[in-house]
Structures are given as structure tokens and as C-alpha cells.
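**Q** Just dropping this structure here.
Computed from the coordinates by the stated procedures, all read-outs in this text should not be read as laboratory data. Remember, it's a predicted structure, so these values are computed and weren't measured experimentally. Heads up, the Cβs are rebuilt from the backbone with ideal geometry, glycines too, and the neighbour counts pull from every protein chain shown.
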Amino acid sequence: MSIEIAEEVNLSSPSAESDNEELNIDRFALSSFRHIADQDYISARLSHRARLFPQFLWQSQQCLEKYAKFLLLLHRVKARRIGHSLERAFALLDARLPFPIQLSDGTRRFVVYIDNIGRWRYLEGSQFVTGDELHRLDRAVWELRRYCQRRLARSPSGEATPAQRQPWLKEVADAEANRQAFRLSSGFIERILDDEKHPARSGLVWKNLCFG
């Protein structure tokens, strides 16, 4: 049975709250960062399958950057000087989010690896792959993306309190037991998974232990 993580409002659709500034910012974050990060992630998998490794590395960097920026914007963390640096973005996540994000040592090493070589779009530096980077990307995206949900930042009455977050964070942690069953509401990845005829679906689920 899948675990559907629903938001308290549908950020993908207009509503009576459309004049709410906080809600509009969150809608912008969803469309400009989380949805695009999902697409960059799928593109990275397609590139890896096609053995287009420079493109895979760049798209991996892009998706991790956008998930991080989604979280920073969702939690209203000022991040004007991070540029495309994953190191600076993840340092802010660790220092400024109102709860700790649980990332495995393997994921943190992968972020450093991608930060060091994935940003070389024009081969300004050396690039290399080791053979396990696709599965490392899957794990990194899954671990970070599970925190990309509005209810961890806000409740219907305002900013979420630690007590309100606690059951949701427990769900996030418990999802480790069955990663493929964990789903975000209104997620682009979930939309592709649910559409068996979508041309990107085979590339998304191919050898994927986290989404499928």
C-alpha cells in the first residue's frame, strides 16, 4: 500500500486563498523548483541510460540544487549568495531549517561528488563516473525530496510548530522501510508513475529502487 503525503492545500490549483501571499510564494516554489527538479532528475536518468555522462552529471547537479532551493524558499531561508553551490545550499539546510534533515553518509558524499564535477557544463574540469552513480542519485533524490512538503513549513493557521511537525517527520523517517511506497501529493514524479503510457516513465523506473 502506498503512503500518499497530502498537502493541506492543493498548491497546483487556484483556490479561495489565491490572494494569500504566503500561499502564492509556495506555489511559485512548487512550480519553479520542485516540479523542475523532478524533471531534471528524470532527465538525468535518461541521460545515464543513454551513456551521456556529462549530461547526467550536470542534470544531477541541477535537480539537487533545485530541491535544496525549494526547501530554502519554503522555509523562507535567505540564500542570496549560494549561486549554484551545493555545498553552500546544503550547509544552509543543515543550519537554518527548523528540523534536521536525515541524509545518509552515502548521500552526503554523492552531493560533494556532484558539486565538484557536475557543474562543469563545458568540460572546464575533469569528469568521471564510477558505475554506481545512478543508484546514488536515486537515493540522494529520495532522501532529500521526502522533506519537500509544505506541511513541514506551514499549518492552516500559520507557521508549523514542532508539535505539528512531529508526526509528519515520523512518517518521513518511517518511509525508509519501503521507499517505493512513499509518495508526495501533486508531485511530477508521481504523475509520471501513474501514467503508464508516459514516454518518460520507462526511464524513471528503470533499475530504480526508490521510485517505481
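**Q** In debye, nearest 20: dipole of the chain around its Cα centre with unit charges on the Cβ of K, R (+) and D, E (-)?
**A** Result for the chain is approximately 540 debye, rounded to the nearest 20.
**Q** Per residue Cα convex hull volume for the chain, in cubic angstrom?
**A** 129 Å³
**Q** Right, something else. Check residue 20: other-chain or 5+ apart residues with amide H under 5 Å from its amide H, H built from backbone geometry?
**A** For residue 20, whose amide H was placed from the backbone, there are no distant partners under 5 Å.
**Q** Provide the packing ranking of 63-73, 148-158, i.e. peptides ordered by the mean count of other C-beta atoms within 10 Å per residue, highest first.
**A** 63-73, 148-158
**Q** While we're looking at this one, here's another question. Would you calculate the separation in nanometres between label points at residue 196 and residue 25, each defined as 7 Å from the Cα along the Cα-to-beta-carbon direction?
**A** Using points 7 Å along Cα→Cβ, the separation is 4.3 nm.
**Q** Right, next: Taking 0.36 nm per intervening residue step and subtracting the Cα-Cα distance, what contour gain separates residue 178 from residue 108 on full extension?
**A** Fully extending the segment from residue 178 to residue 108 adds 23.1 nm.
**Q** A further question on this structure: Just need the relative contact order of the chain here, percent rounded to a whole number, with Cα pairs under 8 Å and 6+ apart.
**A** Over the chain, the number comes to 27 percent.
**Q** Per DSSP H run of at least 4 residues, take -39500 (n - 2.57); add these up for the chain, divide by its residues and hand me the 222 nm value, nearest 500 deg cm²/dmol.
**A** Mean residue ellipticity, 222 nm, calculated: -16000 deg cm²/dmol.
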